[in-house]
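The structure under discussion appears below in the form of structure tokens.
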Amino acid sequence: MSLGRTRAVGLSGVNGFVVEVEAHVAGGLPGFVISGLGDSAVKQAPERIKAVSSLVETMLVNQRRVTVNLSPAGRRKVGTGFDLGIFIAVAAAMGIVPRGVVQEVVHIGEIGLDGSVRGVTGVLPSVHAAALAGVRHVVVPAVNAAEARLVSGLEVHAVADVRELVRRYREIAGGRPVVPVEEPAQPEVPPVTRTPDLSDVLGQVEAKVALEIAAAGGHHLLLAGPPGAGKTMLAERLPGLLPPLDGDQSMAVTAIHSVLGLLDEVRLITRPPFVAPHHGASQAAIIGGGSGHIRPGAITQANCGVLFLDETPEFDKAVLQALRTPLERGSVTIARAHETVTFPARFQLVLAANPCPCGNGWGQGLDCTCSAAMRRSYFGKLSGPLLDRVDLQVHVQPPGLSLTGQPPGEGTRSVAARVAAARACQRERWRGLLVADWALNAHVPGSLLRSSAWRLPSSATAPLDRALERGSLSLRGYDRTLRSAWTVADLSGLQRPGRDQVELALSLRRQRGVAA
């Protein structure tokens, strides 16, 4: 019996797990079998490896019976990244490469029929998982080497061809020096482009205040108003008000983009992502899923950033309703018959909507051509439970001609400085609670804010109490307005919100003309 072992990495969502690759080669009826819940790409690996084995001296796979097991066998394995690990395990079992050298090494990569090792997606989370498992050496395609080196704590070896890798392992076993593989030159980092500045937006004082509060406390925001009022401009300027990502957030966001194949520049993403899908996107594209391999959706791509749904009523109603659970939990769990995957989804939601299908139903609505039924149907897609989860709901009026000659308003830099100071106050306040997810006011449970330690005096919460008694505000809305009030206080430099801050937060949640 000939047995070879090495390692690979599988992905479940955006998290990796180390896979033990075992290969058994014996005489008998020729065949090549892979066990371990591989998908169709894994099941096709034997055909690629058979073709490549003819390029390696004495590796006659077609004349032997080969059995490969991917352990843990009960977890689903997806993608062509297992090709290289399977090839090396078979080569070790046949004595082509030294077994002791490859046993503890992780191999990631797809094999071409010409022996080339091709790049794959998800290298960053795969290598990160290997490092957490204590792996010290990982072999990746040369085109993915720079991405793999974003992870510290292990040594990355680039490979461009399987014959070259076999030769290098033989040289290591013989104690001879190994020449590193020449890696593709990385493109120069493009110059930093100018981010949209808040001063570009004319007027809209109240909407800008709501935008600043949303940025400071991590609150969700609805902008409703006629076409051309500046809703999209305001939403596009929200990421510029947010502070840079910290180390853990940067690694998580970059890993998500790696899995999605969107990592254009080989460096950690340090700015909050801004994701604006088209209103025709499917539920799988927004929430995540797929018929075969479960992929992250736009809400995961926007993790630690902003998800902007422009023309929100044009989205499918089922897509909008599916946002309700991720908005509460900060994650989304997608269940299929063969597996269940959980993706991170801690994002800020920004919705933008016209008042009616024709867009002219604002003010007195004299130019509106929509019937009352059309207007109800249009905004009816924004259900009460969804809007109840949106902290700030602002009606954006079109700026008048008198503003065209006015000097620009406050810029992004000064507003971002206040946002950063307010967030620092929140971190200091909630630090003692030792809950990582409570870095912002929007993440703090309402039960805590209503507890004896943090409860506001009845004189301050009187407007909220009356709205709750009348039934115009739900308990969830009560808690969300409290969170917004705390953020207003942080921006004002106050220790606790008073009645003025509560009234401002309540007015920004229940404006006339929003969802009318």
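Of all beta bridges DSSP finds with both residues in the range 32-172, what is the antiparallel percent, to the nearest 5?
Restricted to the range 32-172, the bridges split so that about 20 percent are antiparallel.
Heavy atoms only, probe 1.4 Å: what % of the accessible area of the chain goes to carbon and sulfur, would you let me know?
52 percent
Quick test of your reading: applying the under-4.7 Å Cβ rule, which cysteines of the chain are isolated?
Cys304, Cys358, Cys368, Cys425
Please list the radius of gyration and Dmax for the chain, considering alpha-carbon atoms only, with Å as the unit.
27.9, 88
Which whole-number percent gives the relative contact order of the range 1-74, counting Cα pairs below 8 Å spaced six or more residues apart?
39 percent
Within the P(r) computed for the range 443-516, what percentage of the Cα pairs occupies the region above 16 Å?
Summing the P(r) of the range 443-516 above 16 Å gives 46 percent of all pairs.
So how strong a dipole does the range 57-106 carry about its Cα centre when Lys and Arg Cβ are +1 and Asp and Glu Cβ are -1, to the nearest 20 debye?
Dipole of the range 57-106, to the nearest 20 debye: 280 debye.
Using bins 10 angstrom wide from zero, how does P(r) for the range 361-400 break down, in % of all Cα pairs?
22, 43, 32, 2
Would you list which lysines come within 30 Å of Lys231, measuring only between C-alpha atoms, while excluding same-chain residues fewer than 8 positions from it?
Within the straight-line cut-off, Lys231 pairs with Lys208, Lys317, Lys381.
Using DSSP, restrict attention to beta bridges with both residues in the range 205-348 and report what percent are antiparallel, rounded to the nearest 5.
Percentage antiparallel, nearest 5: 70.
Report, in whole Å, the centroid distance computed from the Cα atoms of the range 427-497 and the range 115-131.
After rounding, the separation between the Cα centres reads 44 Å.
Near Lys43, which lysines are there with a Cα under 21 Å away, not counting those fewer than 8 places off in the same chain?
Cα-Cα hits under 21 Å: Lys77.
Which FRET efficiency value, to the nearest 0.05, is calculated for Arg167 and Ser2 with the Förster distance at 30 angstrom and r the Cβ-Cβ distance?
Taking R0 as 30 Å, the efficiency between Arg167 and Ser2 is 0.90.
Mean separation of Cα pairs under 8 Å and 6+ residues apart, divided by the residue count of the chain: what relative contact order is that in percent?
Normalised by residue count, the contact order of the chain is 13 percent.
Quick one: grab Rg to one decimal and Dmax as a whole number for the range 27-182, Cα atoms only, in Å.
Rg then Dmax for the range 27-182, in Å: 14.9, 45.
Please report the antiparallel percentage of DSSP beta bridges with both residues in the chain, rounded to the nearest 5.
50 percent
Bin by bin, in steps of 5 Å, what percent of the Cα pairs in the range 279-366 do you find, going until the bin that has the longest distance?
Distribution as computed: 3, 14, 22, 22, 15, 9, 7, 4, 2, 1, 0, 0 percent.
Treating only the Cβ atoms of Lys and Arg (+1) and Asp and Glu (-1) as charged, compute the dipole magnitude of the chain about its Cα centre; round to the nearest 20 debye.
Using Cβ point charges on Lys, Arg, Asp and Glu, the chain gives about 1200 debye.
The values are calculated or read from the model by the stated rules, or taken from the named source; none is laboratory data. For clarity, every value in this text was computed on a predicted model and none was experimentally measured. Reconstructed Cβ throughout: ideal geometry from the backbone, glycine too, with neighbour counts over all protein chains shown. Calculation scope for accessible area: heavy atoms of the full protein, side chains included, ligands and nucleic acids excluded. Shrake-Rupley method; radii C 1.70, N 1.55, O 1.52, S 1.80 Å.
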